[in-house]
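Peer 1: Just dropping this structure here.
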Amino acid sequence: MNFSDSEIVASVMTSHDFGITTDPRDADVIFLNTCSIRDHAEQRILNRLRELQHLRRKKSGLLIGVLGCMAERLKSDLLEDKDLGMRIDMVVGPDAYRQLPQLLMDAETGQKAINVLLSADETYADISPVRYAAGGVSAFISIMRGCENFCAYCVVPYTRGKERSRDPESILLEARQLVEGGYREVTLLGQNVNSYRWPGNGNGRHIAFSDLIGLVAAIDPRLRVRFATSHPKDMSDQLLYQMAKYPNICKAIHLPLQSGSSSVLQRMNRKYSRQDYLDRIRAIRDILPGCAISTDLIAGYCGETEAEHRETLSIMEEVGFDFAFMFKYSERPDTLAAKKYPDDVPDQVKTRRLTEIIHKQQALSLKSNQQDVGSLQEVLAEGPSKRSESHMMGRTSHNKVVVFPGNGILAGDYAGVEITGCSSATLKGALRQKGLQQ
Ligand code: SAH
Ligand code: SF4
């Protein structure tokens, strides 16, 4: 989400005659787009800000701005922060990026440059993002902003404001432009894409996410479509049927579980139980056999007992996740959890539980990859592999990374790759056919 927002920021700035540099020493102004999701993320930003202070000593007039969630969370405290031991010139929340050029002028004249107003309708729909991604194969399209789910542990509803959907026409236009520009994959982004909703024009029928993804997929069969993230409480069967209908909608679903224990899920305010989640998994398996399923898990949430933790381990086994992002619970100030439940699982217990979850997932990922060995996979090549120039790196529809000998395959090409080996993180393959496999 931040990557995508930074592309919007770059677009706002370049349309006001600013240029982009990749070398901080060349910059007259540096923006840090920040994340507040866990304390660790914020600590890293603070360290980076301290490092940038050295640059400021060398270059008078250098301006530094903090953008995004941390700006929104800490507001003017950031401008005045004494602990930080440095000056921050601009503080700009996620809904105020159109004001950046004006705020920059304010900062240049030594005025306080802060805008942390959240908006009920800003979607940056008309802003065509400047693409940063190397290779020009895969791009993000933001389809909605904000979140109103108020999961008890989560800071997002406070830093990103009300949920709002973006005009579908502007989304389709952006996708068409990407195809024309040679892109072969888009990821539709939102905190909870399944509550995407756009009022119908007069006929009374609104556009839901399952309609939108069909419209994007219909643009071009060579364009792969992915999406993130689905909340288990409202991932609809209609979406699964759309995925089944279009071969170019990738067969991979990221469905954050957080915990396998219904009592923990209730304290998290996730609005589904262990059984509800398993029912959604059943629907995926029925409608989309073989679809990859990945998840997010939190270890050591408030009041988590050993038995509740073991329920997370057992559901992981039951579902057989292909991949997971795994975190230690990090209390965020002012969230429902911070107000209501003590952060009472000792840190070493959180660490041990997280390690158990990671080990379990490594075994599951390895098993999932081993099942692919011997199969022919359609791979979209993204570019040379990190280890060797003669090898290409690409992804399967299941979002697994495959490394294979290039043999004339270029970034953006499709290839039929036979999987010959694997680790828990990567597949290895051999090129069998060029071009789309379907
Ligand atoms: N909107 C997405 C998640 C966005 S945040 C969804 O609901 O699925 C990405 C992940 O960060 C979450 O799924 C959760 O696993 C993790 N996360 C969020 N807040 C956290 C916290 N306070 N401590 C630890 N992990 C957290
Ligand atoms: Fe946070 Fe829950 Fe919203 Fe995801 S759905 S962003 S976890 S509040």
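Peer 1: Answer yes or no: is there a residue in the stretch 369-377 that is of a type in the set (Val, Ile, Thr), modelled with pLDDT of 95 or more and within 16 Å of ligand 1 (Cβ to nearest atom).
Peer 2: No, because not a single residue in the stretch 369-377 is of a type in the set (Val, Ile, Thr), modelled with pLDDT of 95 or more and within 16 Å of ligand 1 (Cβ to nearest atom).
Peer 1: Could I ask something else about it? Are there any pairs with C-beta distances below 6 angstrom linking a residue in the stretch 118-140 that is under 25 Å from Leu380 (Cα atoms) to a residue that is among the aromatic types (Phe, Trp, Tyr), with the two at least 6 apart or on different chains, and if so which?
Peer 2: Ala139/Tyr183
Peer 1: Tally time: how many residues in the stretch 165-180 are surrounded by fewer than 18 Cβ atoms within 10 Å (Cβ to Cβ) and either under 18 Å from the mean Cα position of the chain (by Cα) or within 16 Å of ligand 2 (Cβ to nearest atom) (or both)?
Peer 2: The qualifying residues number 0.
Peer 1: Return the residues of the stretch 383-401 that are open to solvent by 50 Å² or more (accessible area, probe 1.4 Å), assigned to a strand (DSSP E or B) and not basic (Lys, Arg); say none if nothing qualifies.
Peer 2: Of everything in the stretch 383-401, those that are open to solvent by 50 Å² or more (accessible area, probe 1.4 Å), assigned to a strand (DSSP E or B) and not basic (Lys, Arg) turn out to be Pro384, His391.
Peer 1: Among the listed residues Ala337, Ala283, Ala324, identify the single one that is assigned by TED's automatic domain parsing to the domain that holds Tyr153 and over 28 Å from Thr426 (Cα atoms).
Peer 2: None of the other options fit; the residue is Ala337.
Peer 1: While we're here: Scan Ala228, Ala244, Ala299 and give me the residue that is within 23 Å of Gly146 (Cα to Cα) and of a type in the set (A, V, I, L, M).
Peer 2: None of the others qualify; the one that does is Ala228.
Peer 1: Of everything in the stretch 282-311, what is in contact with a Leu (Cβ under 9 Å, 6 or more places away or on another chain) and away from ligand 2 (no atom under 16 Å from the Cβ)? Give them in sequence order.
Peer 2: Correct list: Ala283, Ile284, Asp286, Ile287, Leu288, Cys291, Ile293, Gly300.
Peer 1: Run down Asp39, Asp5 and say which single residue is of a type outside the set (A, V, I, L, M, F, W, C) and either over 19 Å from Asp77 (Cα atoms) or surrounded by 19 or more Cβ atoms within 10 Å (Cβ to Cβ) (or both).
Peer 2: Asp5
The values are calculated or read from the model by the stated rules, or taken from the named source; none is laboratory data. As the structure is a computational prediction, the values presented were derived from the model and not from experiment. Using ideal geometry, Cβ is built from the backbone for each residue, glycine included, and neighbour counts are taken over all protein chains shown. We work out accessible area using only protein heavy atoms, side chains counted, and drop any ligands, DNA or RNA first. Shrake-Rupley method; radii C 1.70, N 1.55, O 1.52, S 1.80 Å.
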